[in-house]
Amino acid sequence: MKNIYKLELARGFESWGIKFSLFLGCCITIFHWIFSVLPMAFYQDTYMGTEYSMKYPFNVFNNWIGAQTYTFSYLYFFLIPLLVTLPHAGSFFQDIRYRMIQQLCIRVERKYYYRAKYVATFISGGTVAIVPLILNFILTSAVLPMISPQAADYTTLIGMKSTLGDFYFKHPILYICIFLMIIFVFSGILATIAFIAAYYTNHMFIVLTAPFVFSMFLNSLFSMFGLTDWQMVFFLNPAYNGDRILPIIIEGVIIMATTFFIFVINGSKDDIC
């Protein structure tokens, strides 16, 4: 049983997909650092030398990519549903197409195969979502001071009424860690949507883009009804200032319960093996 988990994790973390996802994600976060963070670092001395009545240094917590909601930041969180599928979400479709699934299920009980596939896709998807963000935070902390943000400074998008807003101003590092965990879990859940698509198409492209199309549909639907808090592109971003606890929990639980039931529980009973 342990071997199938090791095999699936190895396939996920050694695939071309995870390398491409990390490359693309890191490019976006590095470009943000170059075009948004470095100019502030160079301007810091000039800014602090001017005679404003109130001034507070540009800092890591207000300027890393997870503290903004526009340009590179918006692009990154918009593309997360696509990035998370590339490492391992398409492997189930490949196993069916090239008949590898029969060979694997001969050597291990099919329920363990489906569980291992689900876990490996979940972990690899979550990993590619947070690694570029962590890289951006490290790069930003190398050129900007790591001082606590101030609500009175008016340079942060997060307010006291935002989700965990008061916690952000007291413990910004813990706030970021909490949201990185949320992004990891939700991104892993999004990646498993591709398993459902694999049952209904003969094209890998559709399988890999299924989570992205699904997120686009939900974003458009909630936007049409004015429910911004429920849009993934916003509530996954640590900088979003709305109330998002309920949307994250409800959407995450529904998606995970659906994919786990269809793929792991029903899939292990399927004659596909």
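The values are calculated or read from the model by the stated rules, or taken from the named source; none is laboratory data. Quick caveat, the model's predicted, so the values are computed rather than measured. Note: ideal-geometry Cβ built from the backbone for every residue, glycine included; neighbour counts use all protein chains shown. Quick note on the areas: whole protein, heavy atoms, side chains included, nothing else; ligands and nucleic acids left out. Shrake-Rupley method; radii C 1.70, N 1.55, O 1.52, S 1.80 Å.
What the table shows:
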{"quantity": "For residue 123: the one exception among (1) out of contact with any Lys or Arg (no Cβ under 8 Å at 6 or more places or on another chain); (2) more than 30 Å from residue 269 (Cα to Cα); (3) open to solvent by 10 Å² or more (accessible area, probe 1.4 Å)", "calculated": "(2)"}
{"quantity": "Members of segment 139-167 that are touching a residue at least 40 places away in the same chain (Cβ under 8 Å) and part of a helix (DSSP H, G or I)", "calculated": "139, 140, 141, 143, 152, 153, 165"}
{"quantity": "Residue match in segment 87-99 (condition: assigned to a loop (DSSP other than H, G, I, E, B) and over 27 Å from the mean Cα position of the chain (by Cα))", "calculated": "yes"}
{"quantity": "Test: residue in segment 137-147 that is more than 20 Å from residue 32 (Cβ to Cβ) and open to solvent by 10 Å² or more (accessible area, probe 1.4 Å)", "calculated": "yes"}
{"quantity": "Qualifying residue in segment 185-202 (condition: over 22 Å from residue 115 (Cβ atoms) and crowded, with 17+ Cβ neighbours inside 10 Å)", "calculated": "no"}
{"quantity": "Qualifying residue in segment 82-102 (condition: farther than 30 Å from residue 194 by Cα and of a type in the set (S, T, N, Q))", "calculated": "no"}
{"quantity": "Restricting segment 58-96 to residues that are open to solvent by 10 Å² or more (accessible area, probe 1.4 Å) and without any contact (Cβ under 8 Å) to a residue 40 or more places away in the chain, the residue that is nearest to residue 150 (Cα to Cα)", "calculated": "70"}
{"quantity": "Top-ranked residue of segment 1-33 - restricted to ones that are touching a His at 6+ places or on another chain (Cβ under 9 Å) and among the aliphatic types (A, V, I, L, M), ranked as most open to solvent (accessible area, probe 1.4 Å)", "calculated": "9"}
{"quantity": "Filtered residues of segment 235-249 (kept if assigned to a loop (DSSP other than H, G, I, E, B) and open to solvent by 80 Å² or more (accessible area, probe 1.4 Å))", "calculated": "241, 243"}
